[in-house]
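Let me begin by presenting the structure, written as structure tokens, before commenting on it.
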Amino acid sequence: MKTGTDRFHKILVVDDELDIVEEILDLLNDEGFLCLGVNDPEQALVMVAEDPAISIIICDIRMPGMSGLELSRILLQEGDQDRDLHIIFVTGHAGMAEVIEALKLGADDFLTKPLNSEQLLHSVRRSQEAAVLRDKDRELKLCLAFEAKSSAIEAEGLSLELAKRNRELVEKNHELLNVNELKDEFLAMISHEVNTPLNGIIGFAQLLQGSFEGEGDSNNVELTGHIITSANRLHKHVTSVLNIADAQSGRLRIVKQPLIINDLFQGLMSKYAHEAKARGGTIYVEMDDVSLGCSADPEILGVALGCIVENSLKFSNEGVKVKLRAEKTESGVRLLVTDDGLGMDEKAIGSALHPLRQGGGHSARRFEGMGLGLPLARQYLRLHGGEISIESALGQGVRVAIDLPDQQA
């Protein structure tokens, strides 16, 4: 049984004895091979040149005019080097020297007359299989070459696209740098153009309030009190925005020093005791080791903890209890701010550390503020190499944990 490509391979029989040619053709035709026969080697050269389907040549060695060896030498060495030809020699008079030369030329096989039909068919089938395999190998190489070329074209296209994207990224980076410079200029302008007038407003309002108090004008005392309160709140928000920007930009530098955590907690407790009392609550310190210390910038760490305490007091019901605690860990120290207030759901916890979110829920918006406290605290703590985490559930209060690394200079 022959493959789909067998039909493209023709067999040319070349022998000066016509009866031998006819005998071989009859045998091969009965087996379904495509065969041609000729008794003239010169004519055989023309046929091979004109018919590219001829791939197997059964050739007698000794023929008048041109020997089979000479015919094969012309075909294999002087002909189309890209053409795949298979030579099977047949002879009844060849000596050992001719056999050796035939094999040197690259003959597939060497058969002696009288021909054995089984041997001839076996030799032809083997040559045809080699021709088919060579075709498949050539097709595979062509496919691989085509795919390689396609891949090269695709890679070139991707390279051009990548170069284009890189140029776009460079342009975007320049734009972002410009935007960042504009942001820095804007924040500097905010610091000067907003904070400076606010300080003036607060100062003049306090003078007016003092004057009204001296005159016993309680109505204007109350009005100027509202002005001072609102201006202080706005001043606080502007300061928080500027502080976050400084921390994110890397402009803010911390100066670490050894400090006793209990002293820091006592200062916070004194600072926020009045606010806690105003809500009917308390703020207290719980320490197993009052000498426990850490290495930190006391002012920056104090601001971070103050933001967390303010949140505990702000987002709580009446009578809230806020506890400050510190404990030693394997990697450093952990500071804990715990309250028994309203608590937070998972969505609120996820957004609480992002600026301007204020817990992420509409219900939280009944409280004043811009949602900058916890984000600022996280920025300040990261400057210390620390991190903040929140545990909470609705109605079960909030537990904020601050992990700081071991003491380091």
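Just to be sure before I move on: is residue 124 closer than 30 Å to residue 25 by Cβ, assigned to a helix (DSSP H, G or I), of a type outside the set (Gly, Ala, Ser) and at pLDDT 85 or above in the structure I sent?
Details: closer than 30 Å to residue 25 by Cβ: yes; assigned to a helix (DSSP H, G or I): yes; of a type outside the set (Gly, Ala, Ser): yes; at pLDDT 85 or above: yes.
Yes, satisfied.
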Provide a single number: the residues in segment 1-23 that are assigned to a loop (DSSP other than H, G, I, E, B) and modelled with pLDDT under 85. 6
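Criterion first (under 52 Å from the mean Cα position of the chain (by Cα) and more than 17 Å from residue 23 (Cα to Cα)) does residue 102 satisfy it?
Working: under 52 Å from the mean Cα position of the chain (by Cα): no; more than 17 Å from residue 23 (Cα to Cα): yes.
So residue 102 fails the test.
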Is it the case, given these coordinates, that residue 35 is under 21 Å from residue 98 (Cβ atoms), assigned to a strand (DSSP E or B) and of a type in the set (A, V, I, L, M, F, W, C)? no
Within segment 89-118, which residues are in a helix (DSSP H, G or I) and surrounded by 13 or more Cβ atoms within 10 Å (Cβ to Cβ)? 98, 99, 101, 102, 103, 105, 117
Qualifying residues in segment 13-33 (those that are crowded, with 17+ Cβ neighbours inside 10 Å and without any contact (Cβ under 8 Å) to a residue 40 or more places away in the chain) - the one farthest from residue 61 (Cα to Cα): 25
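Looking for whichever is crowded, with 24+ Cβ neighbours inside 10 Å, in a strand (DSSP E or B) and not polar (S, T, N, Q) here; the options are 336, 324. Which one fits? Talk me through it step by step, then tell me what you get.
Values: 336 fails: crowded, with 24+ Cβ neighbours inside 10 Å.
324 is the lone residue from the list that is crowded, with 24+ Cβ neighbours inside 10 Å, in a strand (DSSP E or B) and not polar (S, T, N, Q).
For segment 47-61, does any single residue satisfy the condition of being part of a helix (DSSP H, G or I) and in contact (Cβ under 8 Å) with a residue 60 or more places away in the chain? It would help to see each step written out before you state the result.
Residues of segment 47-61 part of a helix (DSSP H, G or I): 47-50.
Next, from what is left, pick out any that are in contact (Cβ under 8 Å) with a residue 60 or more places away in the chain: none.
No, segment 47-61 contains no residue that is part of a helix (DSSP H, G or I) and in contact (Cβ under 8 Å) with a residue 60 or more places away in the chain.
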Scan segment 69-88 for residues that are under 18 Å from residue 10 (Cβ atoms) and crowded, with 20+ Cβ neighbours inside 10 Å and jot them down. 71, 72, 75, 86, 87, 88
Filter segment 244-281 down to residues that are of a type in the set (S, T, N, Q) and modelled with pLDDT under 90 and give me whichever is nearest to residue 383 (Cα to Cα). 248
Just the residues that are among the aliphatic types (A, V, I, L, M) and either closer than 19 Å to residue 388 by Cα or touching a residue at least 60 places away in the same chain (Cβ under 8 Å) (or both), please, taken from segment 271-330. 296, 300, 301, 303, 304, 305, 308, 309, 313, 322, 324, 326
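Quick check on segment 342-350. Is at least one of its residues crowded, with 18+ Cβ neighbours inside 10 Å, modelled with pLDDT under 85 and touching a Gly at 6+ places or on another chain (Cβ under 7 Å)? Working first, answer last.
Of the residues in segment 342-350, the ones crowded, with 18+ Cβ neighbours inside 10 Å are 342-344, 348-349.
The next check asks that each one be modelled with pLDDT under 85; those that pass are 348-349.
Subsequent filtering for residues that are touching a Gly at 6+ places or on another chain (Cβ under 7 Å) retains 348.
Within segment 342-350, one or more residues are crowded, with 18+ Cβ neighbours inside 10 Å, modelled with pLDDT under 85 and touching a Gly at 6+ places or on another chain (Cβ under 7 Å).
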Of the numbered conditions (1) in contact with a strand residue (DSSP E or B) (Cβ under 9 Å, 6 or more places away or on another chain); (2) at pLDDT below 90; (3) not polar (S, T, N, Q), residue 284 satisfies every one except a single condition; which is it? (2)
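The values are calculated or read from the model by the stated rules, or taken from the named source; none is laboratory data. Small disclaimer: the values here were computed from a predicted structure and weren't measured. Here Cβ is always computed from backbone atoms with ideal geometry, including for glycine, and neighbour counts include all displayed protein chains.
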